[in-house]
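The values are calculated or read from the model by the stated rules, or taken from the named source; none is laboratory data. This structure is a prediction, so every number in the text was calculated from the model and none was measured. Note that each Cβ is placed from the backbone with ideal geometry, even for glycine, and that neighbours are counted across all protein chains shown. What goes into the accessible areas is simple: the full protein's heavy atoms, side chains included, and nothing from ligands, DNA or RNA. Shrake-Rupley method; radii C 1.70, N 1.55, O 1.52, S 1.80 Å.
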Amino acid sequence: MIQVRDKDLDDDAFVELARQVRDVAREVGEQHGREITVIVNDRVEAARELGLDVHVGQGDMPASQVRELLGAEAIIGVSVSNAEQLEGVIAEGSADVVGIGPIWNTATKTDTDPAVGLEQLASLTTRAHEAGIVAVAIGGISIRNASEVAATGCDGICVVSAIAGSEDPATSATFLRREFVMNQPL
Ligand SMILES: Cc1ncc(COP(=O)(O)OP(=O)(O)O)c(N)n1
Ligand SMILES: Cc1ncsc1CCOP(=O)(O)O
């Protein structure tokens, strides 16, 4: 899964970027016989225009409103940093996925709630699963700690710098995935 996240582009430029990512993901997905999901961060209108999925934060458009705009088929992700926020997401009943983080403090995003840590990630994941919500972890995750994150039972990891800041993004993605998958609980 790829997320298109940019805080600076104007709406037209963002739509153009997301369109390019969508089209490349389709082409590469077809070549490999699998679907590569593309999710848009924050910009619900862009997602609607391009038929993509959306991730929203606590201060963004509420998930219930996103659901009304994008329909039943869309994948909707919401950020959570603690149990109170997760209970809010569960009560709202519109999210498919929660992005739990930051697991550790990260230079990539500094305007965050306090770091979640591995213990709380495990308990938030358990609660999300009880509610039928997929739980992915984000923030400070790298090849060095992906195995510890996997051991919490969460469903996936999301990274920015570990891939986008790598000299060899494809190899970094491959190793991250391997490290996560090999250390998931049975
Ligand atoms: C999978 C995932 N989880 C959390 C976030 C953070 O989203 P948000 O809280 O909206 O913060 P910004 O990304 O907008 O800075 C995410 N993007 N993806
Ligand atoms: C978008 C976001 N939300 C919580 S932490 C974060 C940034 C993650 O970046 P990195 O993988 O470089 O720590």
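The residues listed here are GLY132, GLY140, GLY153; of these, the one that is in contact with a strand residue (DSSP E or B) (Cβ under 6 Å, 6 or more places away or on another chain), more than 11 Å from ligand 1 (Cβ to nearest atom), in a loop (DSSP other than H, G, I, E, B) and modelled with pLDDT of 95 or more is GLY140. Would it be correct to say that VAL78 is within 12 Å of ligand 1 (Cβ to nearest atom), without any contact (Cβ under 8 Å) to a residue 24 or more places away in the chain, surrounded by 13 or more Cβ atoms within 10 Å (Cβ to Cβ) and closer than 25 Å to THR112 by Cβ? Answer is yes for this residue. Screening the candidates GLU167, GLU179 for the property of being of a type in the set (D, E, K, R), part of a loop (DSSP other than H, G, I, E, B) and open to solvent by 30 Å² or more (accessible area, probe 1.4 Å) yields one hit, GLU167. Being of a type in the set (Val, Ile, Thr), modelled with pLDDT of 95 or more and more than 16 Å from ligand 2 (Cβ to nearest atom), is that true of even one residue in the stretch 166-175? Within the stretch 166-175 (the criterion being of a type in the set (Val, Ile, Thr), modelled with pLDDT of 95 or more and more than 16 Å from ligand 2 (Cβ to nearest atom)), the answer is yes, since at least one residue qualifies.
Scan the stretch 112-121 and give yes if some residue there is closer than 20 Å to VAL149 by Cβ, within 15 Å of ligand 1 (Cβ to nearest atom), part of a helix (DSSP H, G or I) and in contact with a strand residue (DSSP E or B) (Cβ under 6 Å, 6 or more places away or on another chain), otherwise no. Yes, the stretch 112-121 contains a residue that is closer than 20 Å to VAL149 by Cβ, within 15 Å of ligand 1 (Cβ to nearest atom), part of a helix (DSSP H, G or I) and in contact with a strand residue (DSSP E or B) (Cβ under 6 Å, 6 or more places away or on another chain). Considering the stretch 83-108, and only residues there that are open to solvent by less than 70 Å² (accessible area, probe 1.4 Å) and away from ligand 2 (no atom under 16 Å from the Cβ), the residue that is nearest to GLN3 (Cα to Cα) turns out to be ASP96. Do any residues in the stretch 103-115 that are β-branched (Val, Ile, Thr) have Cβ atoms under 6 Å from those of residues that are more than 9 Å from ligand 2 (Cβ to nearest atom), where the two are at least six apart or on different chains, and which pairs are they? Taking only residues 6 or more apart or on different chains, the pairs are ILE103/VAL116; ILE103/LEU121; ILE103/ALA137. Would you be able to say whether some residue in the stretch 113-129 is open to solvent by 70 Å² or more (accessible area, probe 1.4 Å) and among the hydroxyl-bearing types (Ser, Thr, Tyr)? Yes: one or more hits. Look through the stretch 23-44, keep the residues that are open to solvent by less than 40 Å² (accessible area, probe 1.4 Å) and under 19 Å from VAL159 (Cα atoms), and return whichever of them is farthest from the chain's Cα centre (by Cα). So, considering only residues that are open to solvent by less than 40 Å² (accessible area, probe 1.4 Å) and under 19 Å from VAL159 (Cα atoms), the one farthest from the chain's Cα centre (by Cα) is ALA25.
Answer yes or no as to whether SER172 is part of a helix (DSSP H, G or I), over 15 Å from the mean Cα position of the chain (by Cα) and hydroxyl-bearing (Ser, Thr, Tyr). Against the criterion (part of a helix (DSSP H, G or I), over 15 Å from the mean Cα position of the chain (by Cα) and hydroxyl-bearing (Ser, Thr, Tyr)), SER172 qualifies. Identify, from the list ALA83, ALA47, the residue that is within 16 Å of the chain's Cα centre (by Cα) and either closer than 29 Å to ALA115 by Cβ or within 16 Å of ligand 1 (Cβ to nearest atom) (or both). ALA47 is the lone residue from the list that is within 16 Å of the chain's Cα centre (by Cα) and either closer than 29 Å to ALA115 by Cβ or within 16 Å of ligand 1 (Cβ to nearest atom) (or both).
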